[in-house]
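Notes follow the structure.
Every number here is computed from the coordinates shown, using simple stated rules; none is lab data. Given the structure is predicted, the values throughout are model-derived calculations rather than measurements. So basically every Cβ, Gly included, is an ideal-geometry build from the backbone, and we count neighbours across all protein chains shown.
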Amino acid sequence: MHCSLGFSPCPNDTFIFDALVNQKIDTEGFSFDVYLEDVQTLNEWARSNKLNISKISYGVLPLIQNNYTLLNSGGALGKGVGPLLISKKNIQDLTAVDQMKIAVPGINTTAHLLFSMAFPNAKNKQFLVFNEIESAVLNGEVDAGVIIHENRFTYQDKGLIKLMDLGNYWEEKLNCPIPLGGIVMQNSFDQATQLKIESLIRKSVEYAFKHYPQITDYVRSHAQEMSESVMRQHIDLYVNNYSIDLGEEGLKAVQTLLEVHKQLQQ
């Protein structure tokens, strides 16, 4: 069976899917057309039901459940892994954030949901691709920005200051891991096929862990001029046991996020 599959070029995703898409494991008759895109593009594609299987931000999950089912393997969920709110200025009174111009990585991202939870009255937002946000803050195009992925490891080197760890805010308020990104599959596929894909993704993650800390050519080729140490930081932060299987705790965290999304819409 042939399926379209979308995920980001970030090291955590290429690490997870390398063995699957490059047939380092037995794919049991499945093959894939792979689309590497930033997560906001993948979110928009999911809303239009474009791909058979896709990485998404959990922030968009409430909007696509009529067309997609969440798989238990391949996602990013954990503790101490959330987005950061950063600025050039060390602002002590965070109520000032409500009046600031904030760069956010996509309207349907989990980062936006967590920012909205912490700052429900902040309305002056500019939605950018995640890797453009540091520059927007440095250039003064925005007053502050919500950063994710590898920018978590580089912002201090550029003189930027953390105003809030939005992930810590989530964990302190709700006492559960942060659902960042998940893997979904179209509901048009029967449950047996969905479970088979879920199993293959799980085997792909397990294969990657078995050979880690090796950085494969596939991961390296898509890592946007990242150093290997930053690639490993990225993988260590975002790929864990929840990526193999969400389990009861992971599924509970996802349900909590769905409830928070519903409350923010009211």
- [ ] Could you tell me which of rounded, prolate or oblate describes the stretch 84-174, using a ≥ b ≥ c as the square roots of the eigenvalues of the alpha-carbon gyration tensor, with rounded for a/c under 1.5 and, failing that, prolate when a/b is larger than b/c and oblate otherwise?
- [x] rounded
TODO: Calculate the spin-label point distance for Thr41 paired with Leu264, positioning each point 7 Å from the Cα along the beta-carbon direction, and give it in nanometres.
DONE: 2.4 nm
Task: Mean ellipticity per residue at 222 nm, deg cm²/dmol - from DSSP H runs of n ≥ 4 across the chain, formula -39500 (n - 2.57) - done: -12000 deg cm²/dmol
Task: For the chain, projected area of the alpha-carbon convex hull averaged over all directions, nm² - done: 13.4 nm²
- [ ] Please report the relative contact order for the stretch 95-198, taking Cα pairs under 8 Å with a sequence separation of at least 6, and give it as a percent rounded to a whole number.
- [x] 26 percent
Open item on the list: For Gly78, what residues show an amide H to amide H distance below 5 Å, using hydrogens built from the backbone and excluding near sequence neighbours?
Closed with: Ile178, Leu180
Open item on the list: What distance in nm lies between label points placed 7 Å from Cα along the C-beta direction at Tyr207 and Ile161?
Closed with: 4.8 nm
Task: Anisotropy class of the stretch 162-212 from Cα gyration tensor, a/c 1.5 cut - done: oblate
- [ ] Name the residues whose placed amide hydrogens come within less than 5 Å of the amide hydrogen of Met226, ignoring near sequence neighbours (fewer than 5 apart) on the same chain.
- [x] none
Open item on the list: Test of understanding: ordering Tyr155, Tyr35 by Cβ neighbours within 10 Å, fewest first, what list do you get?
Closed with: Tyr35, Tyr155
TODO: Please give, to one decimal in nm, the separation of the simple spin-label points placed at Asp190 and Gln23, each 7 Å out from Cα toward the Cβ.
DONE: 2.6 nm
Open item on the list: Longer than 28 Å from Cα to Cα, which of Lys24/Lys158; Lys173/Lys210; Lys50/Lys79; Lys24/Lys55 are they? Say none if no pair is.
Closed with: Lys24/Lys158; Lys173/Lys210; Lys50/Lys79
Task: Dipole of the chain [Lys/Arg +1, Asp/Glu -1 at C-beta], most positive-end residue of Met117, Val81, Asn49 - done: Met117
- [ ] Would you mind checking which residues have amide H under 5 Å from Lys125's amide H? H placed 1.01 Å from N; only 5 or more apart, or other chain.
- [x] Ile102
Task: Furthest towards positive pole of dipole, Tyr242, Met226, Leu200, structure part the stretch 186-247, Cβ charges - done: Leu200
Task: Cβ crowding within 10 Å averaged over residues, with 103-114, 186-197, 164-175 ranked highest first - done: 103-114, 164-175, 186-197
Task: Part-to-part distance (alpha-carbon centres) for the stretch 105-175 and the stretch 6-84, which is given in Å - done: 22 Å
Task: For the stretch 140-146, 3J(HN,Hα) per residue [Karplus equation, 6.51 cos²θ - 1.76 cosθ + 1.60, θ = phi - 60°, Hz, x = Gly/Pro] - done: x, 5, 9, 7, 7, x, 9
Task: Charge context of Leu61, other residues only, Cβ under 15 angstrom, K/R +1, D/E -1 - done: +2
Open item on the list: Cut-off 18 Å, label point 7 angstrom out along Cα-to-Cβ of Leu63: give me the residues of the stretch 228-264 whose amide nitrogen falls inside.
Closed with: 257-264
- [ ] Read phi for every residue in the stretch 67-73 and hand back ³J(HN,Hα) as whole Hz from Karplus 6.51 cos²θ - 1.76 cosθ + 1.60, θ = phi - 60°, with x for Gly and Pro.
- [x] 10, 10, 10, 6, 8, 7, 10
Open item on the list: Net charge around Val21, counting only other residues with Cβ within less than 12 Å of its Cβ (Lys, Arg = +1; Asp, Glu = -1)?
Closed with: -2
TODO: Using a cut-off of 13 Å between beta-carbons, work out the net charge of the residues near Gly145 (Lys and Arg +1, Asp and Glu -1, Gly145 not included).
DONE: +3
